[in-house]
1. Which is the longest run of the chain containing none of the trypsin sites (Lys or Arg not before Pro) found in DSSP loop states (not H, G, I, E, B) with at most 11 other C-beta atoms within 10 Å?
2. Under the definition of Cα pairs under 8 Å and six or more residues apart, what whole-number percent is the relative contact order of the chain?
3. Antiparallel versus total DSSP beta bridges in the chain: what percent is that, nearest 5?
4. Of 46, 65, 23, which has the largest mean-square fluctuation in a 10 Å C-alpha GNM of the chain?
5. When the chain is fully extended, how far beyond the present Cα-Cα distance does residue 70 get from residue 86, taking 0.36 nm per residue of separation?
6. With θ taken as phi - 60° and the coefficients 6.51, -1.76 and 1.60, list the Karplus ³J(HN,Hα) couplings across segment 97-103 in order, rounded to whole Hz; mark glycine and proline as x.
7. So I have (i) 12, 29, 29, 19, 10, 2; (ii) 15, 51, 33, 2; (iii) 17, 51, 29, 3, and one of them is P(r) over Cα pairs in 10 Å bins from 0, in percent calculated from this model. Which one is it?
8. Work through the residues other than residue 63 whose Cβ is under 10 Å from its Cβ and net out their charges, Lys, Arg +1 and Asp, Glu -1.
Amino acid sequence: MTLDAKRGHVATISRQCVNTAAPGIAITGSTADGSSKTLYFEGGFPSPLAKETDSSGIGARLNMPPGKVTVTSTLTDGMKRHGSVDVHVRADTVTLLNLIPTP
């Protein structure tokens, strides 16, 4: 995958209430389009096949259009909402988010 310098990227660490990494989380971005990709880690390395966070809780939304985006985390076991946060994505920049459970 090629990173587009005209787009931004959001790296996430999903956390549980007790501030430990949250496995089994899927992340989405409200402004994602056909050029945007989701990436998760598996065993300490990026995995193009992973569909959710592993025990590290790490994920990313790559090549997001610049501007306001709502990043939402969902538990893949039952598809319950885990949390969400609004951020501003800037071109050629990585935004790091801690995703924690929110009402």
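1. On the way: sites that count: 6, 51, 80.
Answer - 7-50.
2. Values: 271 pairs, mean separation 39.3, N = 103.
Here the relative contact order equals 38 percent.
3. Values: 26 of 32 bridges.
In the chain, DSSP labels about 80 percent of beta bridges as antiparallel.
4. Answer for the Gaussian network model of the chain: 46.
5. Working: separation 16, 0.36 × 16 = 5.76 nm, distance 0.43 nm.
Here the segment from residue 70 to residue 86 would lengthen by 5.3 nm.
6. Along segment 97-103, the couplings run 10, 9, 9, 10, x, 10, x Hz.
7. Correct label, based on the coordinates given: (iii).
8. On the way: positive: 6, 7, 37, 61; negative: 4, 33.
Net local charge, residue 63 excluded: +2.
We did not get these values from a lab; they are worked out from the coordinates using the rules stated. This structure is a prediction, so every number in the text was calculated from the model and none was measured. So basically every Cβ, Gly included, is an ideal-geometry build from the backbone, and we count neighbours across all protein chains shown.
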